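Right, one structure below, let's go through it.
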Amino acid sequence: TVITGDLETSGNIRIDGKLIGNIRSKSKVSLGPGSRVEGMIQSMNAEIEGEVKGRLEIAEVLILKPTAVVHGDILTGKLIVETGA
């Protein structure tokens, strides 16, 4: 699945496809292992297993899983990087 455009939600969201645009969530953003986001992500918490090309602004906790790849700036309260990320 490929989505072009911005997503805004007050709840949790999980992406397993490709998104070209920005994500804004008042809760948690999860990116699956095959996911790819080209844009900015703003949320309270995030768990990344896929690839992000853009800025990450996570207010509380950002978890980068072993398959995570980030091309961009990270601004977060707490960063957890698992081996391989």
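The values are calculated or read from the model by the stated rules, or taken from the named source; none is laboratory data. All of these numbers come straight from a predicted model, not from anything done at the bench. FYI the Cβ positions are ideal-geometry reconstructions off the backbone, even for glycines, and counts take in every protein chain you see. Note: areas computed on protein heavy atoms with side chains; ligands, DNA, RNA excluded. Shrake-Rupley method; radii C 1.70, N 1.55, O 1.52, S 1.80 Å.
Taking segment 5-36 on its own, how many of its residues are open to solvent by 50 Å² or more (accessible area, probe 1.4 Å) and not hydroxyl-bearing (Ser, Thr, Tyr)? Qualifying residue count, segment 5-36: 14. All of (1) surrounded by 14 or more Cβ atoms within 10 Å (Cβ to Cβ); (2) modelled with pLDDT under 95 hold for Thr1 with one exception: (1). The set of residues in segment 61-76 being open to solvent by 50 Å² or more (accessible area, probe 1.4 Å) and part of a strand (DSSP E or B) consists of Val69, His71, Ile74, Leu75. Just one of (1) touching a strand residue (DSSP E or B) at 6+ places or on another chain (Cβ under 6 Å); (2) exposed (fewer than 14 other Cβ atoms within 10 Å of the Cβ); (3) under 19 Å from Ala85 (Cα atoms) fails for Ile58. It is (2).
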